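The structure appears below as structure tokens.
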Amino acid sequence: MTINTITTSPFPDQKPGTSGLRKQVKVFQAPHYLANFIQSIFDSLTSAEKTTLVIGGDGRYYNREAIQVILRIAIANGYKHVYIGQHGLLSTPAVSVIIRKYKLNGGIILSASHNPGGPDGDFGVKYNVSNGGPAPETFTNKVFEHTKTIARYLIVEGDDIPLDDAGEYEIAGTRITVIDSVSDYADLMEHLFDFDKIHSMFNSGLFSMAFDAMHAVTGPYAREILVKRLGATEESIMNGTPLPDFGKGHPDPNLVYAADLVALMNQKLQSPDLGAASDGDGDRNMILGRQFFVTPSDSLAVMAANAHLLPGYRHGVCGIARSMPTSMAADHVARRMGIKCYETPTGWKFFGNLLDAGLINLCGEESFGTGSDHIREKDGLWAVLFWLNLIAEKKQSVANIVHQHWQGFGRNYYSRHDYENIDMTAAQAMLSDIQTLLPTLSGRAWGDNLVMAADNFSYRDPVDGSLSENQGIRILFENESRIIVRMSGTGTQGATLRLYFEQYQPPAGQLDADTQTWLAPLFAIVEELIQVKQRSGRSAPDVIT
Ligand code: G1P
Ligand code: ZN
């Protein structure tokens, strides 16, 4: 087998964002584009760090083609053993499981997460390191530097590897294993949760659920775990077949994009007891009860308060972390439990060091992501199983579990408003204006909301000491209200401005108000400061969660 050295020249835009390199499919299809980025990853690794690798993706358009290209480059770069998910499929959490279980050097995940797929949609590449988590910024920066000067990549020629059956191959000294995409992940879940108890709950005939896989990667995982191992009915799974264009949907499990599931759960009669959905690559989750939405921030807090009830977490929670824009509901639990709650910048990669150092074993983000130390990624189905186990244990409805939580810890009203694909210059101007206003805000009051501090969040990693600056504008009020403004790092078109609003009510306060009405005074403050509606040209946010 000949190893070809292909001459290439740099692309200027291969800077990984919040979660890997994410671009439109068309961009990735340009000659050499994918190959340059993959070679840059391999060139940024030491030779000891490139012996074993797992490759898989969320099944989106271009997944299979990209896998063959990456495999050829991996072979040419001398990898000893490459694992590939059957049908080219692996959820992001499953990649993390496989890296850890087989002690691999790393993994390449092909996904643009919750962004739409298809020829006109998005594609993405993420590299995960040997702890199973996303590569840290030091590494992705190194890759980006390399993409600016790359002049050649190595690739072998040959037939495509068949991806649809499990099997073993050997090409030019590289062993290739096409593995079952689901079983390693499902086995781990069985260790963490009380499958017998959940099975009995389904068997009783008194409990039903709906899981919306959104035509993305979790369909096969849900079928194996929920239906085969736990006894849920086949009808419990909606949109369970992965499709390259996700059925033309937007595989983002929120109240806007998981509309069918939301409608089902809002039916007055006969709605399932638990509704859940996951995103393109299976790392996000949305949890719904009957006519009830659990905010991801509340979900994290409820998990923290109850983890000790579940087999994998009987030893309790040693520490929690949440991303800065995530509500402070988990902080209240941490305080009560006498443990620390770390506040990190947006993005799962910031949890890795804390998990590895044993400082935390539970973490989450407001963006429908929760996870624990079982892997180093957020994990959609894990969160669903956590809630199933909790319901089986407490024998209460989702809504009752959350209400009881609020009665114990208080409620953090919370909402995020996204202005998607707006003009980049306008977005940057709004951010720079609010940045300029920061020093004038302390001490200012709007009604009951007195500003205590206003800054641009920076984070010093307590484990490796690295500093991450400019991670989002924070306006913090004395009454524990917060307004956060930041720009998305995962969008591929224009700019996406995210506004986050939060207001705390103690257990004795008002716990049942409508969230958007309750938070309206905070929306007005942002409008007054930077006129988002007028300057974005939108009369309302594109997505409210
Ligand atoms: C978004 C979320 C963030 C999450 C990331 C990857 O990033 O806000 O919490 O970690 O997707 O799933 P953003 O677009 O805000 O940079
Ligand atoms: Zn995702």
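The values are calculated or read from the model by the stated rules, or taken from the named source; none is laboratory data. Keep in mind that what you see is a predicted model, and the values were worked out from it rather than measured. Note that each Cβ is placed from the backbone with ideal geometry, even for glycine, and that neighbours are counted across all protein chains shown.
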query = Only one of these conditions is not met by residue 314: (1) touching a residue at least 12 places away in the same chain (Cβ under 8 Å); (2) surrounded by fewer than 20 Cβ atoms within 10 Å (Cβ to Cβ); (3) out of contact with any Pro (no Cβ under 8 Å at 6 or more places or on another chain). Which number is it?
reply = (1)
message = Restricting to the stretch 226-263, give me the number of residues that are among the basic types (Lys, Arg) and farther than 22 Å from residue 63 by Cα.
response = 2
remark   = Taking first residues from the stretch 368-394 that are over 13 Å from residue 303 (Cα atoms) and second residues anywhere that are within 16 Å of ligand 1 (Cβ to nearest atom) and of a type in the set (Lys, Arg), the pairs with Cβ under 6 Å that are 6 or more apart or on different chains are 368/284; 380/284
query = Which of the helices (runs of 4 or more DSSP H) contained wholly in the stretch 173-226 include at least 2 residues that are over 25 Å from residue 70 (Cβ atoms) and either at pLDDT 95 or above or aliphatic (A, V, I, L, M) (or both)?
reply = 183-192, 195-203
request  = Those residues that are outside any helix (DSSP H, G or I), crowded, with 22+ Cβ neighbours inside 10 Å and among the small types (Gly, Ala, Ser), I need them from the stretch 9-48; list them, please.
outcome  = 19, 20
request  = State yes or no: is residue 408 loosely packed, with under 15 Cβ neighbours inside 10 Å, modelled with pLDDT under 95 and farther than 16 Å from residue 473 by Cα?
outcome  = no
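A quick yes/no check of all residues on (1) more than 26 Å from residue 21 (Cα to Cα); (2) under 26 Å from the mean Cα position of the chain (by Cα):
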| site | (1), (2) |
| --- | --- |
| 379 | no, yes |
| 382 | no, yes |
| 417 | no, yes |
| 424 | no, yes |
| 429 | no, no |
| 454 | yes, no |
| 483 | yes, yes |
| 489 | no, yes |
| 493 | no, yes |
message = Give me the strands (runs of 3 or more DSSP E) completely within the stretch 454-543, filtered to those with at least 3 residues that are of a type in the set (S, T, N, Q) and touching a strand residue (DSSP E or B) at 6+ places or on another chain (Cβ under 8 Å), ordered by residue number.
response = 495-505
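Pick from 169, 153: which is part of a strand (DSSP E or B), modelled with pLDDT of 95 or more, surrounded by 22 or more Cβ atoms within 10 Å (Cβ to Cβ) and not basic (Lys, Arg)?
153
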request  = Please tell me if residue 269 is of a type outside the set (D, E, K, R), without any contact (Cβ under 8 Å) to a residue 24 or more places away in the chain and more than 16 Å from ligand 1 (Cβ to nearest atom).
outcome  = yes
key: All positions within the stretch 362-388 that are out of contact with any strand residue (DSSP E or B) (no Cβ under 7 Å at 6 or more places or on another chain) and within 15 Å of residue 191 (Cα to Cα)   = 373, 374, 375, 381, 385, 386
message = What's the total number of residues in the stretch 27-75 that are among the polar types (S, T, N, Q) and closer than 13 Å to residue 143 by Cα?
response = 5
task = For residues that are surrounded by fewer than 21 Cβ atoms within 10 Å (Cβ to Cβ) and assigned to a loop (DSSP other than H, G, I, E, B), scanning just the stretch 85-115, find the one that is nearest to ligand 1 (Cβ to nearest atom).
result = 105
request  = Would you check which residues across the stretch 49-67 are assigned to a helix (DSSP H, G or I) and either in contact with a helix residue (DSSP H, G or I) (Cβ under 7 Å, 6 or more places away or on another chain) or in contact (Cβ under 8 Å) with a residue 40 or more places away in the chain (or both) and list them?
outcome  = 49, 63, 64, 66, 67
task = Give the stretch 264-292 a look and list any residue that's closer than 27 Å to residue 58 by Cα and either within 16 Å of the chain's Cα centre (by Cα) or modelled with pLDDT under 95 (or both), or say none.
result = 276, 277, 278, 279, 280, 281, 282, 283, 284, 285, 286, 287
ask   = What number of residues within the stretch 425-452 are exposed (fewer than 13 other Cβ atoms within 10 Å of the Cβ) and more than 12 Å from residue 485 (Cα to Cα)?
value = 8
